[in-house]
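Report on the structure given below.
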Amino acid sequence: MARVAKSATKAMQADPEGGVMRFPAGKVLRLDSGARIEGLEVAYKTYGTLNAARSNAILVCHALTGDQHLASDNPVTGRPGWWERFVGPGLPLDTDRYFVIGTNVIGGCMGSTGPASVNPATGEAWGLSFPVITIADMVRAQGMFIEALGIETLMAVVGGSMGGMQVLQWASDYPEKVFSAVCIAAAAKHSAQNIAFHEVGRQAIMADPDWKAGAYLADGVRPEKGLAVARMAAHITYLSEAALQRKFGRGLQRDGLSWGFDADFQVESYLRHQGTSFVDRFDANSYLYITRALDYFDLAARHGGSLAAAFVKARAVRFCVLSFSSDWLYPTPESREIVRALNAAGARASFVEIETDKGHDAFFLDEPQLDATLKGFLTSTAQARGLA
Amino acid sequence: MREDFREILRLVTRGARVLDVGCGEGDLMELLTHQNGVDAQGLEISPQGVAACLAKGLAVVQGDGDRDLDYFPTGAFDYAILSKTLQQMREPKHVLSELLRIADRAIVSAPNFAHWRMRLSLMSRGRMPETKALPDPWWATANIHLFTLRDFTDLVRDLGLKVEACAALAEGKAARPMNPTGMLENWRVETALFLLSKQ
């Protein structure tokens, strides 16, 4: 599966099945913290065909617990890809027309270099010796990957939630490589509330005795209970109050109360299931690192506190910003702030708030208006890009 | 093609940067883009309108002309267009001055409440006029700040704006250039279109 790029500057063909691209030791990934990663690995999956002009590539950036398996079965869970509703023939990210790329972020646990990877210098899992990463670092690694594919400009960079933050970072850091940018249900910075929820999750993991100061892999254990609690807390923030009420209300699992602490309510049972199924597919240290990257995200801070300044060089990029009316994790005002900054920077921006009660997670659920908007925007982008 | 659109296409210079406030489904922006080669940006409150614009490849921001103009930088556009919606704004005076902060020129059209048909309807029926230009009953209309041609020219003067061009519009008729302060015009004009600039 693993492919070795002969030269990172020379164009290489991505394995259509996907795989892991390993960069030669000389091709160092420099991180915001000052640390360096040698022998970087980027796990990827592609859909559709790259055209001869290499002008039809769309990079999809995933959210906190997403991965590169956009539209094909996830090998770990056996479940369909997380964006199967949107990526495929005839779908908004039409694989008959576009070459759609998913990569696993660095710090992740689906094949890209992360805390569960082996540190080539020591021969052991990185664990907590893995350097703290940022959203910009994730994007820098994706940039190396895209360059290795020989793609100079991406027709679109698309992402929801943390993926949307990567989209903004892409447009800000590499405007010349981004023809259009679609930022869904995201924000230009993490709020105090966002950081607070993440801290609850991290504390749950670190309070689990099986976490072992991050060195659990060496002992053959995993902080499953802590990670499950982290996921449960986070999952609440992905749903709206209305959606929880609609799905569960005060519905009970069985007739009558247990007069104990079993999962009496359906919502408890649902959350427990979310927690336990999550630990089968996600690494606890990855969760710590990626939530940290999100908390550190503040695009304006790198530009003297002015978000507009972050986009000044991105004036030629066609932006599409989307939010969901019931999203309280990254609520609409956060998207409006992005749009106002884009307007102030003189960038070409579109924005729509999609009316839904499905909360933050609406970006991968059945939401016809999201479908129509994405399809319309990408079709017109393709036209502007000269794709037939 | 709508007569006001034809007139706007005539007024907007080629390649200009244009903000269309209340752009609806983007019909005007599409014309301006294709015929005048302008760089158009829309502002529209309805999600359906925004979605239609996006599907046409137009840049549009969902927002409210009353609130969101404040966030556009000064001098960002050559033209700001407000087509038949000034009378629907909560703060028309503020909106008008904002248009001319954001853009060098504003193109504003609005129904004239002093048109003879309005006057006749009010005189004879004693009720709020319901005409082709203003078809809804008073309790359902979005037109909360109706005004006359004379009212508008007063406001333009108070704001220190200059009328560069002015035309009378009526359905199915070609736009007619006119002097907005002419006495008879306040009776004759159904809808007026202004090209305004800062003095």
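The values are calculated or read from the model by the stated rules, or taken from the named source; none is laboratory data. Computed from a prediction, not measured in an experiment: that's the story for all the values here. So basically every Cβ, Gly included, is an ideal-geometry build from the backbone, and we count neighbours across all protein chains shown. Areas reflect the complete protein model, heavy atoms only, side chains present, ligands, DNA and RNA absent. Shrake-Rupley method; radii C 1.70, N 1.55, O 1.52, S 1.80 Å.
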Most fluctuating of A:283, A:67, A:210 in the GNM of chain A (C-alpha, under 10 Å) is A:210
Rounded to the nearest 500, the 222 nm mean residue ellipticity computed for chain B from DSSP H runs (n ≥ 4, each -39500 (n - 2.57)) alone is -9000 deg cm²/dmol
With chain A reduced to its Cα atoms and the Debye formula applied, log10 I(q)/I(0) at q = 0.06, 0.08, 0.10 1/Å amounts to -0.22, -0.40, -0.63
Amide H proximity to residue A:265 below 5 Å, modelled H, separation 5+ or other chain, gives A:253
quick shape note, the range A:146-255: Cα extents on principal axes in Å, largest first -> 57, 44, 27
For the range B:1-113, shape from the Cα gyration tensor axes a ≥ b ≥ c, cut at a/c of 1.5 then a/b versus b/c, turns out rounded
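List the equivalent ellipsoid semi-axes of the range A:14-54 in whole Å, largest first, each obtained as the square root of 5λ for an eigenvalue λ of the Cα gyration tensor.
Result for the range A:14-54: semi-axes of 27, 12, 9 Å.
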Dividing the alpha-carbon radius of gyration of the range A:202-265 by 2.2 N^0.38 Å, where N counts its residues, gives 1.51
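Would you work out if the range A:262-312 is rounded, prolate or oblate? Take a ≥ b ≥ c from the square roots of the eigenvalues of the alpha-carbon gyration tensor; rounded if a/c is under 1.5, else prolate when a/b is larger than b/c, oblate otherwise.
Prolate is the answer for the range A:262-312, as a/c is 1.5 or above and a/b outweighs b/c.
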In deg cm²/dmol, rounded to the nearest 500, the helical mean residue ellipticity at 222 nm of chain A, built from -39500 (n - 2.57) for every DSSP H run of length 4 or more, is -10000 deg cm²/dmol
Here the range A:233-275 gives, from Cα atoms, an Rg and Dmax in Å of 10.8, 30
Given A:97-106, A:132-141, A:348-357, B:183-192, the highest-first ranking by average Cβ count within 10 Å works out to A:97-106, A:132-141, A:348-357, B:183-192
For the range A:283-388, the Kirkwood Rh over every pair of distinct alpha carbons, in Å, works out to 15.7 Å
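What's the ranking of B:127-134, A:181-188, A:308-315 by average number of surrounding C-beta atoms within 10 Å, highest first?
Output ranking for B:127-134, A:181-188, A:308-315: A:181-188, A:308-315, B:127-134.
Evaluate the charge dipole of the protein assembly as shown about its Cα centre and quote only its size in Debye, nearest 20, assuming +1 on the Cβ of each Lys and Arg and -1 on the Cβ of each Asp and Glu. Could the numbers behind the result be given before it?
Numbers: 61 positive and 66 negative charges, 296 e Å.
Rounded to the nearest 20 debye, it is 1420 debye.
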Between the residues A:317, A:328, A:342, the Cα farthest towards the positive end of the dipole of the range A:286-350, that dipole coming from +1 and -1 charges on the beta-carbon of Lys, Arg, Asp and Glu, is from A:317
Partner shielding of A:333-343, taken as the mean number of other chain Cβ atoms within 10 Å, equals 3
So the pair-distance distribution of the range A:206-346, from every Cα-Cα distance in 10 Å bins, comes to percents of 10, 25, 26, 23, 13, 3, 0
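Ranked by accessible surface with a 1.4 Å probe, highest first, in what order do A:229, A:158 come? Show your work: numbers first, answer last.
On the way: A:229 75, A:158 0 Å².
Ranked from most to least accessible, the order is A:229, A:158.
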Rounded to one decimal in nm, the spacing of the 7 Å Cα→Cβ label points at residue B:13 and residue A:281 is 5.7 nm
The alpha-carbon pair-distance distribution computed for the range A:86-205, with 5 angstrom bins and whole-percent values, is 2, 10, 15, 20, 19, 15, 10, 7, 2, 0
On the formula 1/(1 + (r/R0)^6), with r taken between the Cβ atoms of residue A:219 and residue B:70 and R0 of 56 Å, the FRET efficiency rounded to 0.05 is 0.45
In whole angstrom, largest first, the equivalent ellipsoid semi-axes that the Cα gyration tensor gives for the range A:24-106 are 26, 17, 10
Among B:111, B:135, B:92, the residue with the largest mean-square fluctuation in a Gaussian network model of chain B built from Cα contacts under 10 Å is B:135
So, with points 7 Å from each Cα along the Cβ direction, the residue B:163-residue A:265 label distance in nm works out to 6.5 nm
Within the set A:219, A:94, A:295, GNM on chain A using Cα springs under 10 Å gives the largest fluctuation to A:219
Mean shadow area (nm²) of the C-alpha convex hull around chain B is 10.8 nm²
With the convex hull built on the alpha-carbon atoms of the range A:93-139, volume per residue in Å³ sits at 94 Å³
Distribution output for the range A:314-360: share of Cα-Cα pairs per 10 Å bin in percent, first bin at 0, values 30, 47, 21, 2
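For a Förster distance of 60 Å, can you work out the FRET efficiency between the beta-carbons of residue B:2 and residue A:236, rounded to the nearest 0.05?
Details: r = 50 Å, r/R0 = 0.84.
Approximately 0.75, to the nearest 0.05.
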FRET efficiency for residue B:123 and residue B:35 from the Cβ-Cβ distance with R0 = 41 Å, rounded to 0.05, comes out at 0.45
Once both label points are put 7 Å beyond Cα along the C-beta direction, the residue A:25-residue B:154 separation in nm becomes 8.4 nm
Here the Cα Rg-to-2.2 N^0.38 Å ratio for the range B:50-92 is 1.30
